[in-house]
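The values are calculated or read from the model by the stated rules, or taken from the named source; none is laboratory data. None of these values were measured; they are calculated from a predicted model. Reconstructed Cβ throughout: ideal geometry from the backbone, glycine too, with neighbour counts over all protein chains shown.
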């Protein structure tokens, strides 16, 4: 499986991942890593930026995204551009670098901050896909991330060509 998007099936049983879209950036024999890109937190960018002693009035009221349940204090910045440190998927970069966050704030670049991440151990993601929990979407990162945060799940399903009311995931071996 290549990096791209993971779309939670409408019947996802884990409440952490109900109707989420994950930007999958690393997948290999040692496991997988991604960030949820469509769930807002109550935290605002102004709170985070203030702790960094940086200022960005245009970003201050923007919500911080919930990136996943693993290491909720770990931050990943997502923006339209190339990541020299981190990962680049299509037109978007994802970086864990605090310096990258600071430079995006200073430059006034539009970005999202995701706190936490989603992680899978060796073979775990493959099992969950086989069980029907996730739908991989390797094309369309730009279209999904170009949508508003709240519209990303529906946009991912649209790109898959499925109606969520008619989609029912069952394990592959049934």
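Within region 49-56, is even one residue surrounded by 14 or more Cβ atoms within 10 Å (Cβ to Cβ), outside any loop (DSSP other than H, G, I, E, B) and either modelled with pLDDT under 90 or over 17 Å from the mean Cα position of the chain (by Cα) (or both)? Show your work before the answer.
So in region 49-56, the residues surrounded by 14 or more Cβ atoms within 10 Å (Cβ to Cβ) come out as 49, 54, 56.
Those left that are additionally outside any loop (DSSP other than H, G, I, E, B): 49.
Okay, now just the ones that are also either modelled with pLDDT under 90 or over 17 Å from the mean Cα position of the chain (by Cα) (or both), so 49.
Among the residues of region 49-56, at least one is surrounded by 14 or more Cβ atoms within 10 Å (Cβ to Cβ), outside any loop (DSSP other than H, G, I, E, B) and either modelled with pLDDT under 90 or over 17 Å from the mean Cα position of the chain (by Cα) (or both), which makes the answer yes.
If you go through region 90-121 one residue at a time, how many are over 18 Å from residue 68 (Cα atoms) and touching a residue at least 24 places away in the same chain (Cβ under 8 Å)?
Residues that pass the stated criteria total 12.
Can you give me the number of residues within region 20-39 that are buried (at least 17 other Cβ atoms within 10 Å of the Cβ), at pLDDT below 95 and not in a strand (DSSP E or B)?
Of the residues in region 20-39, 0 are buried (at least 17 other Cβ atoms within 10 Å of the Cβ), at pLDDT below 95 and not in a strand (DSSP E or B).
Mind checking which helices (runs of 4 or more DSSP H) fall wholly inside region 62-174 and carry at least 2 residues that are modelled with pLDDT of 90 or more and surrounded by fewer than 19 Cβ atoms within 10 Å (Cβ to Cβ)? Write out each step before concluding.
Values: elements: 98-107, 124-130, 141-146, 152-160.
Helices (runs of 4 or more DSSP H) meeting the threshold: 124-130, 141-146, 152-160.
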